[in-house]
Amino acid sequence: MNRIRAFLLRRRTHGRDGGYSTETVLVIALLVALAAGAVGAISTAVMDKAESISLD
């Protein structure tokens, strides 16, 4: 029982990642938001240009 307790205590104190996964999720969410904004801006520019083409 003491071995299990010691193992769990070591895992609890040494297994911390310091919020790395939370930071990673936030950075990825920011990158996704920036990519969505870029796609929106580019698609608007392309659609405006396509609508200005005269087929006469």
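Here are a few things to note about the model shown:
- For segment 20-56, residues that are surrounded by fewer than 10 Cβ atoms within 10 Å (Cβ to Cβ), in a helix (DSSP H, G or I) and hydrophobic (A, V, I, L, M, F, W, C) total 1.
- Contact map, segment 31-56: first residue at positive phi, second residue assigned to a helix (DSSP H, G or I) and charged (D, E, K, R), Cβ cut-off under 7 Å, separation 6 or more or different chains; the map is empty.
- Test: residue in segment 9-26 that is acidic (Asp, Glu) and modelled with pLDDT of 80 or more: yes
The values are calculated or read from the model by the stated rules, or taken from the named source; none is laboratory data. In this text, all values refer to a predicted model and were calculated from it rather than measured experimentally. For neighbour counting, all protein chains shown are included, and Cβ atoms are generated from backbone atoms with ideal geometry for every residue, glycine included.
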